[in-house]
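Just below is one structure, and these are the notes that go with it.
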Amino acid sequence: MERLYFDTHKNLANYMYDKASHGCYTVAVLFHDDAMRLIRELLKNDEIHAESISIESEAYNGYDKEYYVSLADDKVACVEPAYRWEKYLSTDADLTLIDENASSAIIKGIDPDKCLELYREKDSSESNPDIPKKEVCGITLTITPSMIEHALEDYAEYLFGRFSLFKY
């Protein structure tokens with residue numbers, strides 16, 4: 001299976017959007033946090049609309065398996081659990097992007113010629129002296145730009161939810 005490398009969820013969302021723009025129905029198979037970040041990036045595009053988003057915290061429902069994040073050629077995005085009724089659901093996507101850590105059982109319901117394995121590129125923080133590092137209790141902590149971006153997004157969501165102008 002060929003590999004697709006990506007460094008941010010924004011780049012993955014752009015890749016899926018480009019595929020959809022060329023008539024390709026694409027599904028990404030991701031775990032909860034990555035699925036949330038990807039759908040968030042997809043929906044930042046004004047041309048993409050959500051049809052069905054079925055994703056909840058593992059603490060809420062106990063589901064700890066993969067999710068299908070799909071984008072159809074008509075720019076409709078959906079998220080759904082990949083595992084239901086004691087089995088992984090098949091997908092009829094033109095292209096399926098499978099997380100490198102996903103269960104191999106997912107591949108049973110997917111045409112292997114239409115799959116790419118997703119690999120997250122490693123941060124170049126080890127070789128980049130400009131990225132801040134701090135040693136705490138013998139552990140070197142590295143703060144990358146993507147970590148800062150995710151922290152700011154999460155904080156903005158918290159503020160928006162807490163101080164919404166549209167409270168009833």
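The values are calculated or read from the model by the stated rules, or taken from the named source; none is laboratory data. Model, not experiment: these values are computed from the prediction. Cβ coordinates were reconstructed from backbone atoms using ideal geometry, including for glycine residues, and neighbour counts include every protein chain displayed. For the accessible areas, the whole protein counts, side chains as well, though only heavy atoms, and no ligand, DNA or RNA atoms are used. Shrake-Rupley method; radii C 1.70, N 1.55, O 1.52, S 1.80 Å.
Relative to the current alpha-carbon distance between Asp33 and Lys75, full extension at 0.36 nm per residue lengthens the span by 12.9 nm.
Counting other Cβ atoms within 10 Å, which trypsin sites (Lys or Arg not before Pro) in the stretch 1-37 have at most 13 and lie in a DSSP loop?
Numbers: sites: Arg3, Lys10, Lys19, Arg37; in loops: none.
Qualifying residues, ordered by number: none.
Counting only other residues whose beta carbon sits under 13 Å from that of Pro81, what net charge do I get with K and R as +1, D and E as -1? Let's see the in-between values first.
Working: positive: Lys65, Arg84, Lys87; negative: Glu56, Glu58, Asp64, Glu66, Glu80, Glu86.
Local net charge: -3.
Going by accessible surface with a 1.4 Å probe and the largest first, His22, His32, His9, His49 read His22, His49, His32, His9.
Using a probe radius of 1.4 Å on heavy atoms only, what accessible surface per residue do you get for the stretch 3-120? Whole Å² is fine.
Numbers: 6250 Å² over 118 residues.
Here the residues of the stretch 3-120 average 53 Å² of exposed surface.
From the alpha carbon centroid of the stretch 59-123 to that of the stretch 29-50 is 13 Å.
Could you tell me which GluC sites (Glu not before Pro) in the stretch 25-126 are loop residues by DSSP with no more than 14 other beta carbons within 10 angstrom of their beta carbon? Don't skip to the end; give the middle numbers.
On the way: sites: Glu41, Glu47, Glu51, Glu56, Glu58, Glu66, Glu86, Glu100, Glu117, Glu121, Glu126; in loops: Glu47, Glu56, Glu66, Glu86, Glu100, Glu121.
Those that pass, being in a loop and sparsely packed, are Glu47, Glu56, Glu86, Glu100, Glu121.
Given axes a ≥ b ≥ c from the Cα gyration tensor, I'd like to know whether the stretch 1-121 is rounded (a/c under 1.5), prolate (a/b larger than b/c) or oblate. Because its axes are fairly even, with a/c under 1.5, the stretch 1-121 counts as rounded.
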